[in-house]
Amino acid sequence: LKSLLWYRGFSRQLDGAGTEASCIEAAEVSNFFGVHAFVLAHTTHKMITTYCSDLVPIYVTDTHRSDCIKNDECDFDPEAVFHRGKIDPQMHNVPQSLWLTQSDGERTALRCLVELDKGEVQLDCKAMA
């Protein structure tokens, strides 16, 4: 483990995210810090992605648009329209939020898509596997 702040082995597939070795290492870190899940960013995925669900879930949440690096701007423009009227839950690289709750030992993870259009907000949340 290189560093807790700059380590991508839990979030980037090229660095081993989701492999058995990475999941075991994540479980060891989880036990050390007494946490029950990881929520990570700064490694782009098309949709919120989950790794290591069996040991300690790792939610990778960075889903900014695919051209942001080329344009040197990775924040979403609140004026941008992504879904064109109705939220498309299969659309990649669109604004998404993770809604994570835990009660009585039961964890629920929802992937929420949002659309802002002319002052109106649409929200569509679906359970993650």
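Scan the range 89-129 residue by residue and report those that are of a type in the set (Asp, Glu) and within 22 Å of Ser53 (Cα to Cα). Once the filter is applied, which keeps residues that are of a type in the set (Asp, Glu) and within 22 Å of Ser53 (Cα to Cα), the range 89-129 yields Asp104, Glu106. Of the strands (runs of 3 or more DSSP E) that lie entirely inside the range 49-107, those containing 2 or more residues that are at pLDDT below 90 and closer than 20 Å to Asp124 by Cα span 96-103. Across the range 108-129, the qualifying residues are those that are in a loop (DSSP other than H, G, I, E, B) and modelled with pLDDT under 85, and the one among them that is most open to solvent (accessible area, probe 1.4 Å) is Lys118. Just wondering, is there one or more residues in the range 32-51 that are in contact with a helix residue (DSSP H, G or I) (Cβ under 8 Å, 6 or more places away or on another chain), touching a residue at least 24 places away in the same chain (Cβ under 8 Å), charged (D, E, K, R) and open to solvent by 30 Å² or more (accessible area, probe 1.4 Å)? Within the range 32-51 (the criterion being in contact with a helix residue (DSSP H, G or I) (Cβ under 8 Å, 6 or more places away or on another chain), touching a residue at least 24 places away in the same chain (Cβ under 8 Å), charged (D, E, K, R) and open to solvent by 30 Å² or more (accessible area, probe 1.4 Å)), the answer is no, since none of the residues qualifies.
The residues in the range 93-129 that are in contact (Cβ under 8 Å) with a residue 60 or more places away in the chain and either closer than 17 Å to Ala80 by Cβ or of a type in the set (Lys, Arg) (or both) can be counted, and the count is 2.
The values are calculated or read from the model by the stated rules, or taken from the named source; none is laboratory data. Predicted model, so just to flag it, every value in this text is computed and none were measured. Every residue, glycine as well, gets a Cβ built from its backbone with ideal geometry; the counts of neighbours run over all protein chains shown. Side chains included, ligands, DNA and RNA excluded: accessible areas come from the protein's heavy atoms. Shrake-Rupley method; radii C 1.70, N 1.55, O 1.52, S 1.80 Å.
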